[in-house]
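Report on the structure given below.
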Amino acid sequence: MDLNEDPKDLEQEYMDFTEANTLSALERAVVGIYAVRETPGSNSSDVGLILQGVVLLGDLENVALAAAMLFGFFPS
């Protein structure tokens, strides 16, 4: 996070999404954690990591695990 970065850009929520919209949003992300929640019309949920527009890991148990795993992808 840059000190001049707008905090609203750190979290994005999509309520009415299609697969095409979701893929487009993921491709624009440089680094991120995504979480798909179950909705009445869909029984699927997912948590994963994005690095430079590519989903590196998916089907993680929770966001805390995704945050811990994310640190492993950064060089020390």
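All of the numbers you see were taken from the coordinates with simple rules; none came from a lab. These numbers come from a predicted model, not from an experiment. Cβ sites come from the backbone with ideal geometry, for glycine too, and all protein chains shown count toward neighbours.
Details
- Charge context of ALA67, other residues only, Cβ under 15 angstrom, K/R +1, D/E -1: -2
- Taking label positions 7 Å along the Cα-Cβ direction at both GLU13 and SER45, the computed distance is 1.6 nm, reported to one decimal.
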